[in-house]
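Student: My structure is below; once you've seen it, I'll send some questions.
The values are calculated or read from the model by the stated rules, or taken from the named source; none is laboratory data. Quick caveat: nothing in here was measured; it's all calculated off a predicted structure. Cβ coordinates were reconstructed from backbone atoms using ideal geometry, including for glycine residues, and neighbour counts include every protein chain displayed.
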Amino acid sequence: MCGIVGYIGHRQAYPIILKGLQRLEYRGYDSAGVALINENEVNFCKTKGKVADLAAKVSSKISDKGNLGIGHTRWATHGVPNDTNSHPHVSNSGNLVIIHNGIIENYESIKKELINRGYTFSSDTDTEVLVNLIEEIKIRENLKLGRAVRQALREVVGAYAIAVFDKTRPDEIIAAKLGSPLAIGIGEDEFFIASDASPFIEYTKNAIYLEDEELAIIKRGHEVKVRKIKDDSLVNSTIQELKINIDQIEKGGYDHFMLKEIYEQPNAILDTFRGRLLVNEGIVKLSGLENHLDKFINARRIIIVACGTSWHAGLVAEYIFEDLARIPVEVEYASEFRYRNPIIYEDDVLIAISQSGETADTLAAIKLAKSKGAFVFGVCNVVGSTISRESHSGAYTHAGPEIGVASTKAFTTQITLLSLMALRLASAKGIISKSQLREHLIELELIPEKVKKGLQSDAYIQEVSKVYKDTANFLYLGRGYNFPVALEGALKLKEISYIHAEGYPAAEMKHGPIALIDENMPIVVIATKKGHYEKVVSNIQEIKSRKGKIIAIVTEGDTSVKELADHVIEVPETTEFLTPLLTTIPLQLLSYHIAVMLDKNVDQPRNLAKSVTVE
Ligand code: M6R
C-alpha cells in the first residue's frame, strides 16, 4: 500500500517524480524516496516523513539531474518507517534499484537462503530481499534484467507492483504487477510508470494498465513490450485513453481535498446518474446490469462485500434492495467474509463495492465468490481498477478522483448508483409501477440541488463544531436507512479528528449506550421526517432527560425536534430511501470542521492510507 512513480525519457525525471509522489501520497505517507540515474551514477535520497520532507532533503543533499528515475511514498508493512526502510532499495552490488508496492509473503525463507549465499541486508523490508533475489538470479544464470526479474517473481508469493532498473543499462526500466495496481503512461519518446495515472496525466492521455502476472520492458526508443510472467508469452496490451484531467486532481481553491470533495457531491451525484436516469422515458439504463438482469432477478440472494465507508454504503443498499426490489441481501465485511468459510451458492450474486477498486480484502472476497461459481458485480470509482477488472460485470460511480483519505463523495455516489440498480431491478421484476418508478426518478434527479442546499448549512455547522471540538466522545444515532449514516458519521469523526465516536441504531441506545449519556456527551441524532420519526423523537426525549447534548439532523421546517435539541441542522425533504444522500452531508462537514479546529491533518490522517492493498 504505497505509491510508486517512474520516468524514462528526454525530460528531467525528478520534477515529474516529485509531483507524482505528491499526488500518490493518499496511498501512504510515512516515508519517501527517489533514485535518479545520471551518467551511469545513481543518486539516492530517502527519508522518514512525507514527500515534502523528501524534497527538502533532495535539495540539500543530492543532484536532482537525470532523465531516468524512480520514486516511492510508503505505508509501512515490513519494518518501521525510517530512512533505511524507505524505498528505493538497492542490491548488494549497487547495480539494481527497486521500488515496490505490496508484500512478499515468503521473504523470510528467501532472505535466509540469500544470507547463506553471502548476501547482506541493511533494512527490515521484504523489498530489499526481492531486489537481491533478482540480482542473485541475474548473476547466477547470466540473464538480462527482464528475464531475471521474471524468474525471481516466479519464486515469490505475495503481491507487488514494482519498477526496477540496472545502473549499468540506463535505458531501461522493468515493471511488473500482481495484486497491486500499475499503469504505464506512453508519451512521445518517454514513458511513465505509476500506481495510478495521476502522476502523468498532464504529459499523456495514453496508458497501459498492466494485468496481474504481467511484466513490461520499458526501453528508451522502443515500444513497451509486455510479457506473461508465467510462460514468457507476449501480451497484446490495449492502450487506453485516460478520461481524467488535471483540474480534477488539484485542490481548486479549497483548503483541503476533503472539503473540495464534500462540495463536489452535487456534481458527482449528477455524474453518477448522467445518461442512466432517463426521467422523460421513465427508465433507468445501466449497461453493466442490462445483460445480467436475470442473474439478479433469479438470485438466491445478493451478498454485498466491502470495507469501511463502502461497507456503510452496502448497508444502505441492503435496505434499498430489499425494500424496492424485494431481493434478500446480506452485507459482509470483506475481511471477515473471506476467512470464515462462508456458504456461497452458484445462484448468489456478489456485489463488491470499492472506491479505489484495489482494496485487498474486497478483492480476495471476489476471488472466493468466483471460485464458488457466484456472479460478481463490481461497484467501483476508479476506472480500470483491479476490482472492476476482476468482476464479471459492474458499473462505475464516476465520482472523479477522491484524494482525501476520508471518503465523502465516494459514499454518496455509491448510494446513488446502488439506488439506480435497485430501481432497475424493481422495474425488471415488475414490482414497481411505471408511475412509482417515475416518481422515484424525479426525486433522484432533484438530489444534486438538494445536496447543494444542504451545503448552505456549512457556516452554522462550523459554529456547532466550535462548541464540541474538545469533547472526548461522540454518539451517532439513526434508524432504518439512516442507521448506516450514523455509522458513517462516527467513522468520519474518528478517522480525521481522532475523537472516539460510535454509531448505533437509535432504538439500540436503551440496550447499553444510554449508560454513556451525561451532560458531557454530544449525541448526533438523524431525525428526518420520514422513517420512524416519532420513535426517534422519543429517543431524543430519553437523551434529553439524561442531559445529553443533542445535535439533530432534521427535515426542513421541523418544529418538534427543534424544541428538544441543542442544535438543529436542516436538510431538504426527499423520499425516504434517498435521505442518506442528504443526511450524510452535515456529518461530513461536522467532522471536517472539528478536525481542522484541532489542527489535524485532514487529508492524510495518521496511520491511514487511501487504498488498503494489504490484508
Ligand atoms: O477503496 P475502498 O472503498 O475499497 O476503501 C474501503 C475503505 O478502506 C475506506 O472506505 C476507508 O474506510 C475510508 N478511509 C473511509 O473514509
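Student: Looking at (1) touching a Pro at 6+ places or on another chain (Cβ under 9 Å); (2) within 13 Å of the ligand (Cβ to nearest atom); (3) not basic (Lys, Arg), can you tell me which one Leu368 breaks?
Tutor: Leu368 satisfies all of (1) touching a Pro at 6+ places or on another chain (Cβ under 9 Å); (2) within 13 Å of the ligand (Cβ to nearest atom); (3) not basic (Lys, Arg) except (2).
Student: Another question, if that's okay. Give the residue that is surrounded by the most Cβ atoms within 10 Å (Cβ to Cβ), with candidates limited to residues of region 552-570 that are in contact with a Pro (Cβ under 6 Å, 6 or more places away or on another chain) and of a type in the set (A, V, I, L, M, F, W, C).
Tutor: Of all residues in region 552-570, those in contact with a Pro (Cβ under 6 Å, 6 or more places away or on another chain) come to 553, 556, 569.
Now restrict to residues that are of a type in the set (A, V, I, L, M, F, W, C): 553, 569.
On the way: Ile553: 33, Ile569: 22.
Once the filter is applied, the top-ranked residue is Ile553.
Student: Of all residues in region 570-615, count the ones that are part of a helix (DSSP H, G or I) and of a type outside the set (Ser, Thr, Tyr). Please lay out each step first, then the result.
Tutor: Residues of region 570-615 that are part of a helix (DSSP H, G or I), as a first pass: 576-597.
Subsequent filtering for residues that are of a type outside the set (Ser, Thr, Tyr) retains 576-578, 580-582, 585-590, 593-597.
The number of residues fulfilling the criteria is 17.
Student: Taking Ser388, is it touching a Phe, Trp or Tyr at 6+ places or on another chain (Cβ under 8 Å), surrounded by fewer than 23 Cβ atoms within 10 Å (Cβ to Cβ) and modelled with pLDDT of 95 or more?
Tutor: Working: touching a Phe, Trp or Tyr at 6+ places or on another chain (Cβ under 8 Å): yes; surrounded by fewer than 23 Cβ atoms within 10 Å (Cβ to Cβ): yes; modelled with pLDDT of 95 or more: no.
The answer is no for Ser388.
Student: Looking only at region 9-48, count every residue that is of a type in the set (S, T, N, Q) and not in a strand (DSSP E or B) and tell me the total. Write out each step before concluding.
Tutor: Keep residues of region 9-48 that are of a type in the set (S, T, N, Q), which gives 12, 22, 31, 38, 40, 43, 47.
Retained after the next criterion (residues that are not in a strand (DSSP E or B)): 12, 22, 40.
Total meeting the criteria: 3.
Student: Is there a residue in region 239-262 that is at pLDDT 95 or above and assigned to a strand (DSSP E or B)?
Tutor: Within region 239-262 (the criterion being at pLDDT 95 or above and assigned to a strand (DSSP E or B)), the answer is no, since none of the residues qualifies.
Student: Still on this structure, I have one more. Of the conditions (1) under 13 Å from Leu418 (Cα atoms); (2) among the aromatic types (Phe, Trp, Tyr); (3) within 16 Å of the ligand (Cβ to nearest atom), Tyr333 fails just one. Which one is it?
Tutor: Against the list (1) under 13 Å from Leu418 (Cα atoms); (2) among the aromatic types (Phe, Trp, Tyr); (3) within 16 Å of the ligand (Cβ to nearest atom), Tyr333 comes up short only on (1).
Student: A follow-up question, please. Restricting attention to region 277-309, and to residues there that are part of a helix (DSSP H, G or I) and over 11 Å from Met421 (Cα atoms), which single residue is nearest to the ligand (Cβ to nearest atom)?
Tutor: Within region 277-309, the subset part of a helix (DSSP H, G or I) is 287-290, 293-297, 308-309.
Then keep just the ones that are over 11 Å from Met421 (Cα atoms); that gives 294-295, 297, 308-309.
On the way: Asp294: 28, Lys295: 23, Ile297: 27, Gly308: 2, Thr309: 3 Å.
Top of the filtered list is Gly308.
Student: Can you find a residue that is surrounded by fewer than 20 Cβ atoms within 10 Å (Cβ to Cβ), free of Cβ contacts under 8 Å to residues at least 12 places away in the same chain and out of contact with any Pro (no Cβ under 8 Å at 6 or more places or on another chain) anywhere in region 243-250?
Tutor: For region 243-250, residues surrounded by fewer than 20 Cβ atoms within 10 Å (Cβ to Cβ), free of Cβ contacts under 8 Å to residues at least 12 places away in the same chain and out of contact with any Pro (no Cβ under 8 Å at 6 or more places or on another chain): present.
Condition check ((1) assigned by TED's automatic domain parsing to the domain that holds Ala399; (2) free of Cβ contacts under 8 Å to residues at least 60 places away in the same chain) across all residues:
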{"site": "Ala428", "(1), (2)": "yes, no"}
{"site": "Ile432", "(1), (2)": "yes, no"}
{"site": "Gln436", "(1), (2)": "yes, yes"}
{"site": "Gln462", "(1), (2)": "no, no"}
{"site": "Ser465", "(1), (2)": "no, no"}
{"site": "Ala472", "(1), (2)": "no, yes"}
{"site": "Tyr476", "(1), (2)": "no, no"}
{"site": "Arg479", "(1), (2)": "no, yes"}
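Student: Filter region 371-398 down to the residues that are more than 11 Å from the ligand (Cβ to nearest atom) and closer than 22 Å to Ser419 by Cβ and list them by number. If you could, list the steps in order and put the result at the bottom.
Tutor: In the first step, residues of region 371-398 are kept if they are more than 11 Å from the ligand (Cβ to nearest atom); the result is 371-377, 383-384, 388-396, 398.
Correct list: Phe375, Val376, Phe377, Val383, Ser388, Ser391, His392, Ser393, Gly394, Ala395, Tyr396, His398.
Student: Suppose we filter Thr583, Thr528, Thr555 for residues that are touching an Asp or Glu at 6+ places or on another chain (Cβ under 7 Å), at negative phi and among the hydroxyl-bearing types (Ser, Thr, Tyr); which single one remains?
Tutor: Values: Thr583 fails: touching an Asp or Glu at 6+ places or on another chain (Cβ under 7 Å); Thr528 fails: touching an Asp or Glu at 6+ places or on another chain (Cβ under 7 Å).
The match here is Thr555.
Student: Picking from Lys492, Lys549, which residue would you name as being more than 27 Å from the chain's Cα centre (by Cα), in contact (Cβ under 8 Å) with a residue 60 or more places away in the chain and in the same structural domain as Leu564 (by TED's automatic domain parsing)? Explain how you work it out, then say what you get.
Tutor: Working: Lys492 fails: more than 27 Å from the chain's Cα centre (by Cα).
Among Lys492, Lys549, only Lys549 is more than 27 Å from the chain's Cα centre (by Cα), in contact (Cβ under 8 Å) with a residue 60 or more places away in the chain and in the same structural domain as Leu564 (by TED's automatic domain parsing).
Student: Yes or no: region 450-470 includes at least one residue that is within 16 Å of the ligand (Cβ to nearest atom) and either at positive phi or of a type in the set (A, V, I, L, M, F, W, C) (or both). Reasoning before the result, please.
Tutor: Step one: list which residues in region 450-470 are within 16 Å of the ligand (Cβ to nearest atom), which gives none.
For region 450-470, residues within 16 Å of the ligand (Cβ to nearest atom) and either at positive phi or of a type in the set (A, V, I, L, M, F, W, C) (or both): absent.
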